[in-house]
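Input: a single structure, listed below in structure tokens.
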Amino acid sequence: MTIKLHTSPMLKLGFLLLIVPLLVSMRVQGQEQSISTQQLGQLSVSLSAVQLVDSYQGAALSGEVTSESGAAYSITSPMNVQRVMFLKPRGSIVQAGDVIVKLIGSEVEHYYDEYQLKKALFQQTSKSYENNRKLYEQKAIGEQQWLSISEHYVNQKLALGEYHHFFEYVAKYDHDEQSLSLKSPLNGMLNYSRFSSLNANQDIVHILPQYAVRLKVNLPASQAQIPSALSLPLCTLKIEINEGLSQSFYKTLWSEPLKANCGLRYGDILSVKPEYALKAYRITKTSVFSLHGNHYIMLKQADGFASAQVSIVASEQNSFIVTSTRDIAGAAAASSSVSALQGILMGLGE
């Protein structure tokens, strides 16, 4: 069964008024449009250049100057110490051999005396060992006696080794002050916890190798693009390590080793600007307009203007960073009277 609808002229006119804007909308969304010089009339339009950029800055991230777990070189106290005097600020860059801390007290003097005694005993044991080794080779002493002498030598050597390892850090002993001054074993950043006294087997200081001190940032897991660098007030650091997704639903990123000119200390927490590597364009904000859910700019042509669709990826103070399927580098875009141009566009097709 066929049903015919009979419409009045007024109903037909209403239908056309509804369908024409829809057709115009479909046309504008489907292709880029042009405006001729004739259509501009007396309209005055200012221009701004479209700048090509190879990176852009995103929203600020929180960064921390720190190091990966296990990267620090620790100096541990073999004795109880009544007083500790740190000679350089926490976070200082030190060189191997720099005096960094002083240990003071009667326990310190006692430990130094024990070390001197262990050295003297080992020297005597070494002489005895060498003399008896010759006798053993000449078969003047039995094997069991030689084994006992060898075991005593090894035990004395191990006992001295425990002291000798710590005294490799000692730069100076002061008998009157009852103090030992310790030096850094390598180049790096100095880190420690402040305390007035410490116990045996407690860490005194940590030296972080320069390659281990980095800037750490957490990126939301929902963000697909990874920054290529981090911009700070005094320097820029490249992203070198991407740990991937963490338990807190953030991606942990590590910069290259911290540079001396960055002016940062270990433990600093600061706001940093991530830089993303991407071929994009910088355009004045007033040049961008929206039409049917898309963003456009109007580019100057020999005879008027032509629209170019863009996608906004970042916002700066006075500009947008945009991408486009076209190469628009160096083009001149309308930066004033843009609303008027948009109105002319919306009238096309009538």
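The values are calculated or read from the model by the stated rules, or taken from the named source; none is laboratory data. Bear in mind the structure is a predicted one, so any value in this text is a computation, not a measurement. No Cβ is skipped: glycine too gets one built from the backbone with ideal geometry, and neighbour counts run over all protein chains shown. Areas reflect the complete protein model, heavy atoms only, side chains present, ligands, DNA and RNA absent. Shrake-Rupley method; radii C 1.70, N 1.55, O 1.52, S 1.80 Å.
Looking for something farther than 24 Å from residue 76 by Cα and open to solvent by 60 Å² or more (accessible area, probe 1.4 Å) - is there at least one such residue anywhere in the stretch 153-160? Looking through the stretch 153-160, at least one residue is farther than 24 Å from residue 76 by Cα and open to solvent by 60 Å² or more (accessible area, probe 1.4 Å).
Reported count of residues in the stretch 179-227, each being polar (S, T, N, Q), in contact (Cβ under 8 Å) with a residue 12 or more places away in the chain and in a loop (DSSP other than H, G, I, E, B), is 10.
Pairs meeting the criteria (first residue in the stretch 115-140 and over 30 Å from residue 175 (Cα atoms), second residue part of a helix (DSSP H, G or I), beta carbons under 6 Å, at least 6 apart or on different chains) are 129/153; 132/149; 136/146. Among the residues of the stretch 276-293, those identified as in contact (Cβ under 8 Å) with a residue 60 or more places away in the chain, out of contact with any Pro (no Cβ under 6 Å at 6 or more places or on another chain) and assigned to a strand (DSSP E or B) are 277, 278, 279, 280, 281, 282, 283, 284, 291.
When the stretch 106-132 is filtered for residues that are closer than 15 Å to residue 158 by Cα, among the aliphatic types (A, V, I, L, M) and either touching a helix residue (DSSP H, G or I) at 6+ places or on another chain (Cβ under 9 Å) or open to solvent by less than 70 Å² (accessible area, probe 1.4 Å) (or both), the ones remaining, listed by number, are 120, 121.
Taking the criterion of being farther than 11 Å from residue 288 by Cβ, part of a helix (DSSP H, G or I) and among the β-branched types (Val, Ile, Thr), the only residue of the stretch 313-350 that qualifies is 344. Here residue 258 fulfils each of the conditions (1) within 26 Å of residue 314 (Cα to Cα); (2) hydrophobic (A, V, I, L, M, F, W, C); (3) in contact (Cβ under 8 Å) with a residue 60 or more places away in the chain apart from (1). Only residues that are in contact with a Gly (Cβ under 7 Å, 6 or more places away or on another chain) and in contact (Cβ under 8 Å) with a residue 60 or more places away in the chain were counted in the stretch 228-246, giving 1. Residues of the stretch 294-319 that are among the acidic types (Asp, Glu) and more than 24 Å from residue 55 (Cα to Cα): 303 alone. Counting only residues that are in contact with a Lys or Arg (Cβ under 8 Å, 6 or more places away or on another chain) and either open to solvent by less than 50 Å² (accessible area, probe 1.4 Å) or under 18 Å from residue 266 (Cα atoms) (or both), the stretch 77-88 holds 3 of them. Could you say which residue among 62, 55, 74 is in contact (Cβ under 8 Å) with a residue 60 or more places away in the chain, of a type in the set (Ser, Thr, Tyr), open to solvent by 60 Å² or more (accessible area, probe 1.4 Å) and part of a strand (DSSP E or B)? One residue alone meets the criteria, 62. Taking the stated definitions as given, is residue 310 open to solvent by less than 40 Å² (accessible area, probe 1.4 Å), under 15 Å from residue 292 (Cβ atoms) and either not in a strand (DSSP E or B) or not acidic (Asp, Glu) (or both)? Taking the combined requirement at face value, the residue satisfies it. Considering the stretch 7-40, the residues that are out of contact with any Phe, Trp or Tyr (no Cβ under 8 Å at 6 or more places or on another chain), modelled with pLDDT of 85 or more and not in a helix (DSSP H, G or I) include one that is nearest to residue 225 (Cα to Cα), namely 33.
Here is a yes/no grid of residues against (1) more than 35 Å from the chain's Cα centre (by Cα); (2) closer than 25 Å to residue 95 by Cβ:
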{"position": "150", "(1), (2)": "yes, no"}
{"position": "172", "(1), (2)": "yes, yes"}
{"position": "186", "(1), (2)": "no, yes"}
{"position": "191", "(1), (2)": "no, yes"}
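Selection over the stretch 282-296 of residues that are open to solvent by 60 Å² or more (accessible area, probe 1.4 Å) and closer than 18 Å to residue 316 by Cβ gives a count of 4. Cβ separations smaller than 7 Å between residues 6+ apart or across chains give the following pairs from the stretch 332-348 residues that are under 16 Å from residue 283 (Cβ atoms) to residues that are open to solvent by 30 Å² or more (accessible area, probe 1.4 Å) and part of a strand (DSSP E or B): 332/47; 332/49; 332/300; 333/47; 334/47; 335/47; 335/284. Number of residues in the stretch 161-189 that are modelled with pLDDT under 90 and surrounded by 14 or more Cβ atoms within 10 Å (Cβ to Cβ): the value is 2.
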